[in-house]
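Read the figures in this text as sums done on the coordinates, not as results from a lab. Remember, it's a predicted structure, so these values are computed and weren't measured experimentally. All Cβ positions, glycine included, derive from the backbone under ideal geometry; neighbour counts span all protein chains shown.
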Amino acid sequence: MHPSSILFVCLGNICRSPMAEGVFKKILFREGIHQQFQVDSAGLIGYHQGELADSRMRAHASRREYNLTHRSRQVTKADFDKFDLIIGMDDQNIRGLNNIAQTPEQKAKIRRMTDFCVNMQATEVPDPYYGGAEGFEYVIDLLEDDCEGLLKSISTS
Ligand code: 4NP
């Protein structure tokens, strides 16, 4: 059975993971399979709890016709039971997720976003928060490539 619930995780849940959620949901919608999936995002820190994605991330997203409506929330232990796949953006995220996961089954759900790269090559989706506009564009380029690969990987599993 292929995974049908996916949680994207970054540090603040205001830049990378809400963008990943938006990109993947749009792909599922394009494929007409969005009703078969549950897709959400969360952050390792709760500092931005309840906030919309960063205004710069939303501006770059809307230029590519993504509308990010997610409100930031912190990842919980319960997420490791609720979701089939939990996908982190960088080394720090993967370490943080492994610290929260309680059992081997829960740890086995953790993936790295860049493992799904198709055309691009990268080992992490870098935090764009303290950088400029090109950093946000690069994050979207990378997430679009990774999400196509993720869909392929799920479709063939
Ligand atoms: P994100 O970026 O992990 O891609 O949402 C960040 C946004 C805010 C903070 C860290 C990362 N922060 O520490 O406030």
- prompt: Mind checking whether some residue in the stretch 62-71 is over 20 Å from ILE140 (Cα atoms) and of a type in the set (Lys, Arg)?
  reply: no
task: Take the stretch 104-114 and flag every residue that is free of Cβ contacts under 8 Å to residues at least 40 places away in the same chain, within 14 Å of the chain's Cα centre (by Cα) and under 13 Å from LEU85 (Cα atoms).
output: LYS109, ILE110, ARG111, ARG112
message: Just the residues that are away from the ligand (no atom under 16 Å from the Cβ), closer than 19 Å to ASP145 by Cβ and part of a helix (DSSP H, G or I), please, taken from the stretch 55-65.
response: ARG63
- prompt: Pick from the stretch 91-109 the residues that are of a type outside the set (Gly, Ala, Ser), surrounded by 14 or more Cβ atoms within 10 Å (Cβ to Cβ) and over 23 Å from ALA53 (Cα atoms): which of them is nearest to the ligand (Cβ to nearest atom)?
  reply: ILE100
- prompt: So which residues in the stretch 1-48 are over 26 Å from GLU134 (Cβ atoms), among the acidic types (Asp, Glu) and touching a strand residue (DSSP E or B) at 6+ places or on another chain (Cβ under 9 Å), if there are any at all?
  reply: ASP40
field: Selection count, the stretch 9-31, where residues are of a type outside the set (Ser, Thr, Tyr), under 15 Å from THR69 (Cα atoms) and touching a residue at least 24 places away in the same chain (Cβ under 8 Å)
entry: 12
query: Do we have any residue at all in the stretch 114-128 that's in a loop (DSSP other than H, G, I, E, B) and of a type in the set (Ser, Thr, Tyr)?
result: yes
message: Can you confirm whether PHE29 is farther than 21 Å from CYS15 by Cα and loosely packed, with under 15 Cβ neighbours inside 10 Å?
response: yes
- request: Filter the stretch 86-142 for residues that are farther than 18 Å from PHE24 by Cα and small (Gly, Ala, Ser) and give the result.
  value: GLY96, ALA101, ALA108, ALA122, GLY131, GLY132, ALA133, GLY135
task: Among what's in the stretch 115-157 and is within 14 Å of the ligand (Cβ to nearest atom) and of a type in the set (Val, Ile, Thr), pick the residue that is farthest from GLN92 (Cα to Cα).
output: ILE140
query: Among SER62, SER55, SER153, which is the only one that is under 25 Å from GLU31 (Cα atoms) and either without any contact (Cβ under 8 Å) to a residue 24 or more places away in the chain or buried (at least 18 other Cβ atoms within 10 Å of the Cβ) (or both)?
result: SER62
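Mind listing whichever residues of the stretch 111-135 are touching a Leu at 6+ places or on another chain (Cβ under 8 Å) and of a type outside the set (Lys, Arg)? Steps first, answer last, please.
In the first step, residues of the stretch 111-135 are kept if they are touching a Leu at 6+ places or on another chain (Cβ under 8 Å); the result is 111, 113-114, 116-117, 120, 122, 125, 127.
Once the filter is applied, which keeps residues that are touching a Leu at 6+ places or on another chain (Cβ under 8 Å) and of a type outside the set (Lys, Arg), the stretch 111-135 yields MET113, THR114, PHE116, CYS117, MET120, ALA122, VAL125, ASP127.
In the stretch 1-54, which residue that is assigned to a strand (DSSP E or B) and among the hydrophobic types (A, V, I, L, M, F, W, C) is nearest to the ligand (Cβ to nearest atom)?
By that ranking, first place goes to CYS10.
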task: Of the conditions (1) away from the ligand (no atom under 13 Å from the Cβ); (2) within 13 Å of the chain's Cα centre (by Cα); (3) surrounded by 20 or more Cβ atoms within 10 Å (Cβ to Cβ), GLY88 clears all except one; give me its number.
output: (1)
